[in-house]
1. Pairs under 7 Å by beta carbon, first residue over 13 Å from ALA116 (Cβ atoms) in the range 132-144, partner in a helix (DSSP H, G or I) and charged (D, E, K, R), six or more apart or different chains?
2. Would you pick out the residues in the range 73-106 that are surrounded by 23 or more Cβ atoms within 10 Å (Cβ to Cβ), over 11 Å from the mean Cα position of the chain (by Cα) and among the β-branched types (Val, Ile, Thr)?
3. GLY163 passes all but one of (1) surrounded by fewer than 22 Cβ atoms within 10 Å (Cβ to Cβ); (2) at pLDDT below 85; (3) among the small types (Gly, Ala, Ser); which number fails?
4. Check TRP38 against each of (1) closer than 26 Å to ARG222 by Cα; (2) crowded, with 16+ Cβ neighbours inside 10 Å; (3) among the aromatic types (Phe, Trp, Tyr) and name the one condition it does not meet.
5. Just checking, does the range 209-224 include any residue being hydrophobic (A, V, I, L, M, F, W, C), modelled with pLDDT of 85 or more and part of a helix (DSSP H, G or I)?
6. For residues in the range 191-208 being over 16 Å from ALA94 (Cβ atoms) and of a type in the set (Val, Ile, Thr), which is modelled with the highest pLDDT?
7. Just a yes or no: is a residue in the range 231-240 assigned to a helix (DSSP H, G or I), at pLDDT 85 or above, of a type in the set (S, T, N, Q) and more than 18 Å from the chain's Cα centre (by Cα)?
8. Given the residues GLY47, GLY23, which is the only one that is within 18 Å of GLY170 (Cα to Cα) and not hydrophobic (A, V, I, L, M, F, W, C)?
Amino acid sequence: MNRLLVAIAVGGAAAGSFVASVGMPQWPPSQKWHGVFWMLVLLVVLGLLEAVLGRREWAGRIVLSTAAGVASVWLLPLPDQAAVTVGVLVGASALLVGAVDGVRGGVAMPIGGWAAAVSISALTLVASSMTLSLMAGAVAAMCGVIVVLGWLAGARVLGGVCGGGMVLGGAIAVIAVTAWAYDYDVVPGWAWVVSGGGFAAVCILEIGPLGRWRSTAATVLRSIVLLAPPIFVVANQWELVKGAFNA
């Protein structure tokens, strides 16, 4: 049951932030970027289905992630973004984060989600998209709550499955790719991608010896791997980020 609640909490935080900032969007969306809300609703639905899958149900996760990517082509017709690019980024992010979370879980996942969402929120603020920045901030805040609850729960969560990975990966990608579409070359393109690069790095490490490592030290190492890319992005773009916050 906790996996279902995490999926709802992460996606609901982002969608709720949109409604609080903009209001309930029309269907079909009156503006292209309003498809962000409906994509988040879809991701929660897919996330609930993913949460009941077994740890190594790869086929099911691939199908659900592909559905997210295909749906984004329809729901997120963003300017200056190829539909295929949007679909691949959303689908791949949902699959990567969902797969690692499904196999490994633990507090490292929401720690990585918190860092990636904070980085995306800062970059989106630089790109002058306040609503999207608040949405990423809501995801980060919810990940922070999950981290605190995870540490309070101790070993039951440190080595267990957290849940919500597909929603987390998809939500971060949806917000980032939308902000990127409306960013007129203020933020370097690589920064949006690298902000969530820690999840790809952890996926690679899971193939080797780290994948069989289950101690608290392994959780710390996974957290470091997840934190490094977004920290690098914020540090590299610090002047822009500082200027956005001071504006």
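The values are calculated or read from the model by the stated rules, or taken from the named source; none is laboratory data. Please read these numbers as outputs of a predicted model, since none were measured by experiment. Every residue, glycine as well, gets a Cβ built from its backbone with ideal geometry; the counts of neighbours run over all protein chains shown.
1. Here the result reads none, with nothing in the range 132-144 linked to a residue that is in a helix (DSSP H, G or I) and charged (D, E, K, R).
2. Residues satisfying the conditions are VAL86, VAL100.
3. For GLY163, the failing item is (1).
4. (1)
5. From the range 209-224, those hydrophobic (A, V, I, L, M, F, W, C) are 210, 213, 217-218, 220-221, 224; that's our starting set.
Restricting the remaining residues to those that are modelled with pLDDT of 85 or more gives 224.
If we keep only those that are part of a helix (DSSP H, G or I) too, we end up with 224.
For the range 209-224, residues hydrophobic (A, V, I, L, M, F, W, C), modelled with pLDDT of 85 or more and part of a helix (DSSP H, G or I): present.
6. Of everything passing the filter in the range 191-208, VAL194 is modelled with the highest pLDDT.
7. Yes, the range 231-240 contains a residue that is assigned to a helix (DSSP H, G or I), at pLDDT 85 or above, of a type in the set (S, T, N, Q) and more than 18 Å from the chain's Cα centre (by Cα).
8. Working: GLY23 fails: within 18 Å of GLY170 (Cα to Cα).
From the options GLY47, GLY23, the qualifying one is GLY47.
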